[in-house]
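**Q** There's a structure below that I have some questions on.
The values are calculated or read from the model by the stated rules, or taken from the named source; none is laboratory data. It should be emphasised that the depicted structure is a prediction, and the values quoted were computed from it without experimental measurement. For neighbour counting, all protein chains shown are included, and Cβ atoms are generated from backbone atoms with ideal geometry for every residue, glycine included. Note: areas computed on protein heavy atoms with side chains; ligands, DNA, RNA excluded. Shrake-Rupley method; radii C 1.70, N 1.55, O 1.52, S 1.80 Å.
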Amino acid sequence: MGIGVILAERGLITRSQLEEAIAEQRRSGERLDHVLVRLGFVSRAQVLEALGDQFHMPVVDLAATAVEREVLGTLPAQLVYRQNCVPISRDNGTLTVATSDPFELTALDELRLLTGCSIELVLADEEELHKFIRSHYGVGGDTLDAMSATAAEIEGGDQARDEVEQAQEASVIKLVNDLLIEAINERATDVHIEPYEGELIVRYRIDGVLQRANIPPTINRFASAIISRLKIMATLNIAEKRKPQDGRITFSHRNKEGKIEEFDLRVSVIPMLFGEGVVLRVLNKSAVLLQLEDLGMPRHVLTPWDEMIKRPHGIVLVTGPTGSGKSTTLYASLNRIVSDEIKCITVEDPVEYHVPGVNQIQVNTKVGLTFSAGLRSILRHDPDAVMVGEIRDRETAETAVQASLTGHIVFSTLHTNDAAGAVTRLIDMGVEPFLIASSVEGVLAQRLVRRVCHECEAAYVPDNGDLPRDFRLGAGQTLTKGEGCRACRHTGFRGRVGIYELLSMDTEIRDMIMQRINAPTIAEHALKSGHLCTLRQDGYAKTLDGVTTMTEVMRALAV
């Protein structure tokens, strides 16, 4: 009896759904149960239970299964990856092996011969099985096993096999692809490949925090081949090892829904003491642009910000340190106002995401296309809205001010700690205070904090000594934290949300700018007059709502 019939008899799918899935299976060539899950007719858990009944195999939860290291060592990583199965226990000459594919039983004989044990198969969820294998055998463990088997040939003195040849071997290509795919699956924004004496470390930046990737230590033997492969992909000079190099890689990956996603990887290679270090910034070109509502802006920030970005002229600034989400906010803001009636042009370094309906220009300093030069050229293209990736110098700042005063709405970013600090930063750059006062409409400061993982969130009563003095928790009130689970890599956090501080200009603040009043005094006035909601206040509110934790807010604000 087939899996489709079993699910239909259990009332989990209808006959018409089964027929639709069978037609889709003939077209795609996938397993029927995979098609049923992809189409949303059943869940993975329901299919797993039905498969267990069909093949009379018990179902195990690998997430809750502890396996001894000696048992894991009974099967080589190559076989585990190839057959997609893992040993989980051994007792009296019987090895229990978990698999997600009961239709593929050809490996049984190989397992018996290799281990000398009788084999008992149990069923596990496919996604959980893949996580278990990566967690216990390491990313690319199978490829590294195969490469280690021929390491004598690679490392042994055969000078005819140069670095280019090694880097283009199928095993090296697969290993590098495995590392990149793992980073994408883990939602990493950066991949750090760091050479040390006798060791190569790979780390992923996930939700703003670096986490070490689980990779077998044998990867160190192939460090030069891995780095050479990345340089080839980024069209860099593979022979140049003395100078820093920058490049880009376009990488395609099929996601869990079966759709092809394109990623733009910005590559930076720098010579280190024990070899070349590589950092890759991961940008999803296929990602859907977020809306302002999705960023976590509270209503008292979103409403005035929405009004500012729709004004016909003026400057609106987004400030914060590197990696605080400034570009994402600007893209969401542009996406909000772009239409057939509004021409919008940007000059960026680099163009991170493609926004439909927006003309985007890439900075190219080699040919003199800087932010300021690009901005001057933009103004001759009759735009309504202009975005400058960053105001870095006086020339760019003054050009942006002139653009705003001649009837354009200008978006840009600055590196300052708070909203009021943007005003003094512009003055420090040499822009006249009266020009700032008449052109800047508002400044948005922001940070990113990690969200509490929904899979393992739990309420708790904090110790008052762990809370800031100006934070008040009412009687009976609780906060929320993540206990740590497989979904969040046992960190208690999954995803990020913004905390915001918006400074709206009024007549008094413009007068203070004209008088070169310092930033703290401007912020104090704005707070009293209701024209400022601070980062700290928004962070506290999100902590009380259970969105994040106080530790995260304090880390983001560095206080």
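**Q** Give segment 29-43 a look and list any residue that's without any contact (Cβ under 8 Å) to a residue 24 or more places away in the chain and assigned to a helix (DSSP H, G or I), or say none.
**A** Answer for segment 29-43, where residues must be without any contact (Cβ under 8 Å) to a residue 24 or more places away in the chain and assigned to a helix (DSSP H, G or I): HIS34, VAL35, VAL37.
**Q** Taking segment 347-368 on its own, how many of its residues are modelled with pLDDT of 85 or more, aliphatic (A, V, I, L, M) and out of contact with any Ser or Thr (no Cβ under 8 Å at 6 or more places or on another chain)?
**A** 2
**Q** Same structure again: For ARG516, indicate whether it is touching a helix residue (DSSP H, G or I) at 6+ places or on another chain (Cβ under 7 Å) and of a type in the set (Lys, Arg).
**A** Yes, satisfied.
**Q** If you don't mind, another one. So if I check each of PRO87, PRO58, which one is open to solvent by less than 30 Å² (accessible area, probe 1.4 Å) and modelled with pLDDT of 85 or more?
**A** Of PRO87, PRO58, the one residue that is open to solvent by less than 30 Å² (accessible area, probe 1.4 Å) and modelled with pLDDT of 85 or more is PRO87.
**Q** Within segment 503-534, work out how many residues are closer than 28 Å to GLY323 by Cβ and open to solvent by less than 10 Å² (accessible area, probe 1.4 Å).
**A** 3
**Q** State all residues of segment 147-162 that are open to solvent by 40 Å² or more (accessible area, probe 1.4 Å) and either hydrophobic (A, V, I, L, M, F, W, C) or at pLDDT 65 or above (or both); if no residue qualifies, say none.
**A** ALA149, ALA152, ALA160
**Q** Can you confirm whether segment 260-283 contains a residue that is assigned to a loop (DSSP other than H, G, I, E, B), over 23 Å from ILE499 (Cβ atoms) and modelled with pLDDT under 95?
**A** yes
**Q** Take the residues of segment 310-344 that are modelled with pLDDT of 95 or more and of a type in the set (A, V, I, L, M): which is nearest to ILE409 (Cα to Cα)?
**A** Only one residue tops the list, namely ILE315.
**Q** Working carefully through the options THR328, THR250, find the one that is touching an Asp or Glu at 6+ places or on another chain (Cβ under 7 Å), free of Cβ contacts under 8 Å to residues at least 60 places away in the same chain and open to solvent by 30 Å² or more (accessible area, probe 1.4 Å).
**A** Going through THR328, THR250 in turn, the sole match is THR250.
**Q** Can I ask one more? Test ALA475 against the criterion of being open to solvent by 30 Å² or more (accessible area, probe 1.4 Å) and of a type in the set (Gly, Ala, Ser), and give yes or no.
**A** Against the criterion (open to solvent by 30 Å² or more (accessible area, probe 1.4 Å) and of a type in the set (Gly, Ala, Ser)), ALA475 qualifies.
**Q** I would also like to ask the following. Any idea which residue in segment 15-38 is most open to solvent (accessible area, probe 1.4 Å), counting only those that are among the acidic types (Asp, Glu) and closer than 22 Å to LEU123 by Cα?
**A** The first filter runs over segment 15-38 and keeps only residues among the acidic types (Asp, Glu), leaving 19-20, 24, 30, 33.
Filter again for closer than 22 Å to LEU123 by Cα, leaving 30, 33.
On the way: GLU30: 61, ASP33: 8 Å².
Only one residue tops the list, namely GLU30.
**Q** On to the next question. Determine the pairs where a residue that is among the polar types (S, T, N, Q) and at pLDDT below 85, located within segment 2-28, has a partner that is assigned to a helix (DSSP H, G or I) and surrounded by 11 or more Cβ atoms within 10 Å (Cβ to Cβ) with Cβ atoms under 7 Å apart, the partner being 6 or more residues away or on another chain.
**A** SER28/VAL35
**Q** Mind checking which residues of segment 409-441 are assigned to a strand (DSSP E or B) and under 21 Å from GLY323 (Cα atoms)?
**A** Those that are assigned to a strand (DSSP E or B) and under 21 Å from GLY323 (Cα atoms): PHE411, SER412, THR413, LEU414.
**Q** What's the number of the only condition in (1) out of contact with any strand residue (DSSP E or B) (no Cβ under 8 Å at 6 or more places or on another chain); (2) in a loop (DSSP other than H, G, I, E, B) that LYS243 fails to meet?
**A** (1)
**Q** So which residues in segment 486-504 are in contact with a Cys (Cβ under 8 Å, 6 or more places away or on another chain) and free of Cβ contacts under 8 Å to residues at least 40 places away in the same chain?
**A** ALA487, CYS488
**Q** If ILE227 satisfies all but one of (1) under 16 Å from GLY277 (Cβ atoms); (2) open to solvent by 40 Å² or more (accessible area, probe 1.4 Å), what's the number of the condition it fails?
**A** Answer for ILE227: the failing condition is (2).
**Q** Could you count how many residues in segment 164-192 are acidic (Asp, Glu), open to solvent by 40 Å² or more (accessible area, probe 1.4 Å) and without any contact (Cβ under 8 Å) to a residue 40 or more places away in the chain?
**A** The total comes to 1.
**Q** Does GLU19 count as of a type in the set (Asp, Glu) and assigned to a loop (DSSP other than H, G, I, E, B)?
**A** The answer is no for GLU19.
**Q** Let me ask something else about it. Collect the residues in segment 101-125 that are closer than 17 Å to GLN46 by Cα and modelled with pLDDT of 85 or more, keeping them in residue-number order.
**A** Of everything in segment 101-125, those that are closer than 17 Å to GLN46 by Cα and modelled with pLDDT of 85 or more turn out to be VAL122, LEU123, ALA124, ASP125.
Condition check ((1) crowded, with 17+ Cβ neighbours inside 10 Å; (2) under 32 Å from the mean Cα position of the chain (by Cα)) across all residues:
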site: ILE13; (1), (2): yes, no
site: GLY40; (1), (2): no, yes
site: GLU68; (1), (2): no, no
site: SER100; (1), (2): yes, yes
site: ALA107; (1), (2): yes, no
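**Q** Now for a separate question. Does LEU200 satisfy being closer than 26 Å to LYS285 by Cβ and either at pLDDT 90 or above or touching a strand residue (DSSP E or B) at 6+ places or on another chain (Cβ under 6 Å) (or both)?
**A** no
**Q** Output the number of residues of segment 357-397 satisfying the condition of being under 26 Å from ASP340 (Cα atoms), open to solvent by 70 Å² or more (accessible area, probe 1.4 Å) and of a type in the set (S, T, N, Q).
**A** Final tally of qualifying residues: 1.
**Q** Still on this structure, I have one more. Got a sec? Which helices (runs of 4 or more DSSP H) wholly within segment 317-408 have at least 3 residues that are of a type in the set (Gly, Ala, Ser) and closer than 29 Å to PHE434 by Cβ?
**A** Per the criteria, 371-378, 394-405.
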